[in-house]
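The values are calculated or read from the model by the stated rules, or taken from the named source; none is laboratory data. Computed from a predicted model, the values in this text were never measured in an experiment. Heads up, the Cβs are rebuilt from the backbone with ideal geometry, glycines too, and the neighbour counts pull from every protein chain shown.
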């Protein structure tokens with residue numbers, strides 16, 4: 001039995017990077033939900049070591065991670081101040097596909113440091129996933145998969161999984177290269193508690209949640225389809241002023257179109273209630289007249305559907321699959337035919 005030890009930086013040309021990620025001091029930074037890396041290796045066991053997790057938010061002491069090997073998931077919680085090793089063994093000697101995801105939220109990125117492969121002739125093989133379609137999803141806790149794996153009025157960190165949420169599932173159904181940019185509790189204009197803080201327009205343009213990591217370079221990757229799921233926290237804040245939300249949607253649309261001039265843009269709304277349905281319909285009717293590559297897709301709320309309510313009143317995994325099915329069907333039947341017309 002032999003062991004191959006590599007840093008992620010050393011194998012970066014042999015693996016597929018997932019999401020808005022980058023290398024810092026030789027470590028792979030995972031800032032957003034469902035960001036990570038995919039690789040092919042030869043051996044019978046694999047382990048991934050993370051740098052000690054730094055945290056500045058008492059609500060984010062633990063961050064859920066997932067190592068998926070040949071479709072089988074191995075999960076763990078990164079605890080503030082500590083390092084973590086994810087591993088899978090007893091795989092059987094041969095070639096395997098591994099995917100590492102940050103499935104929970106964190107303000108500071110999670111950093112992947114080392115990779116170890118065990119086997120008779122352990123090796124990380126050159127392999128890159130190829131997708132014809134690029135999808136980006138921007139949203140709040142619904143997009144994060146907050147509460148999707150739980151039930152009841154409370155929430156614990158292992159009940160959140162971005163890979164169980166509609167955005168990631170839609171990407172899988174479309175076989176798309178998918179990026180998730182999401183932040184629980186945030187809104188297009190106002191956060192859940194009424195504050196005007198970390199609006200969609202702000203964190204959408206950032207490399208990570210914390211501004212100290214700089215601004216995202218939109219020139220390095222352009223999606224074919226951008227999905228924006230916002231308004232839930234705005235509507236629940238109780239602090240919106242007259243006309244504020246409509247103007248916020250206009251501002252967000254203008255920013256998205258500026259950054260992604262050739263993308264199909266879908267606004268998706270209604271999963272956790274529709275208090276802003278009239279405002280949304282009003283502003284979208286105005287914008288749709290100007291942009292043939294803009295779409296509005298409302299969905300039915302989870303209210304009154306016990307099986308669709310997960311932890312802390314958020315969509316369950318069942319609801320998330322419904323949203324994904326609706327969005328996938330809409331993209332296939334409405335959006336992609338329009339895109340094909342322009343080549």
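What about residue 309, is it buried (at least 22 other Cβ atoms within 10 Å of the Cβ) and in the same structural domain as residue 153 (by TED's automatic domain parsing)? No: the conditions fail for residue 309. Every condition in (1) modelled with pLDDT of 95 or more; (2) surrounded by fewer than 24 Cβ atoms within 10 Å (Cβ to Cβ) holds for residue 148 except the one numbered (2). Got a sec? Which of 149, 169 is assigned to a loop (DSSP other than H, G, I, E, B) and in contact with a helix residue (DSSP H, G or I) (Cβ under 8 Å, 6 or more places away or on another chain)? Checking each option against the conditions leaves just 149.
Hey, can you tell me all the residues within segment 1-24 that are assigned to a loop (DSSP other than H, G, I, E, B) and without any contact (Cβ under 8 Å) to a residue 24 or more places away in the chain? Even if it seems obvious, please write down each step before you answer.
So in segment 1-24, the residues assigned to a loop (DSSP other than H, G, I, E, B) come out as 1, 8-11, 15, 19-21.
Hits for segment 1-24 are 9, 10, 21.
I'd like the residue in segment 233-258 that is closer than 20 Å to residue 274 by Cα and touching a strand residue (DSSP E or B) at 6+ places or on another chain (Cβ under 8 Å) and, out of all such residues, is surrounded by the most Cβ atoms within 10 Å (Cβ to Cβ). So that I can check it myself, show each step before the final result.
Residues of segment 233-258 that are closer than 20 Å to residue 274 by Cα, as a first pass: 233-250, 252-253.
Next, only the ones that are touching a strand residue (DSSP E or B) at 6+ places or on another chain (Cβ under 8 Å) stay: 249, 252-253.
Working: 249: 26, 252: 21, 253: 21.
Residue satisfying both the conditions and the ranking: 249.
The single condition among (1) closer than 26 Å to residue 210 by Cβ; (2) modelled with pLDDT under 95 that residue 128 does not meet is (1).
For segment 196-248, a tally of residues being without any contact (Cβ under 8 Å) to a residue 12 or more places away in the chain and touching a helix residue (DSSP H, G or I) at 6+ places or on another chain (Cβ under 8 Å) returns 1. One residue alone among 180, 142 is buried (at least 24 other Cβ atoms within 10 Å of the Cβ), in a helix (DSSP H, G or I) and in contact with a strand residue (DSSP E or B) (Cβ under 7 Å, 6 or more places away or on another chain), and that residue is 142.
Would you be able to say whether some residue in segment 62-81 is part of a loop (DSSP other than H, G, I, E, B) and either in contact with a helix residue (DSSP H, G or I) (Cβ under 9 Å, 6 or more places away or on another chain) or assigned by TED's automatic domain parsing to the domain that holds residue 157 (or both)?
Checking segment 62-81: at least one residue is part of a loop (DSSP other than H, G, I, E, B) and either in contact with a helix residue (DSSP H, G or I) (Cβ under 9 Å, 6 or more places away or on another chain) or assigned by TED's automatic domain parsing to the domain that holds residue 157 (or both).
What about residue 171, is it within 15 Å of the chain's Cα centre (by Cα), under 26 Å from residue 38 (Cα atoms) and either assigned by TED's automatic domain parsing to the domain that holds residue 279 or without any contact (Cβ under 8 Å) to a residue 40 or more places away in the chain (or both)? Steps first, please.
Working: within 15 Å of the chain's Cα centre (by Cα): yes; under 26 Å from residue 38 (Cα atoms): yes; either assigned by TED's automatic domain parsing to the domain that holds residue 279 or without any contact (Cβ under 8 Å) to a residue 40 or more places away in the chain (or both): yes.
Yes.
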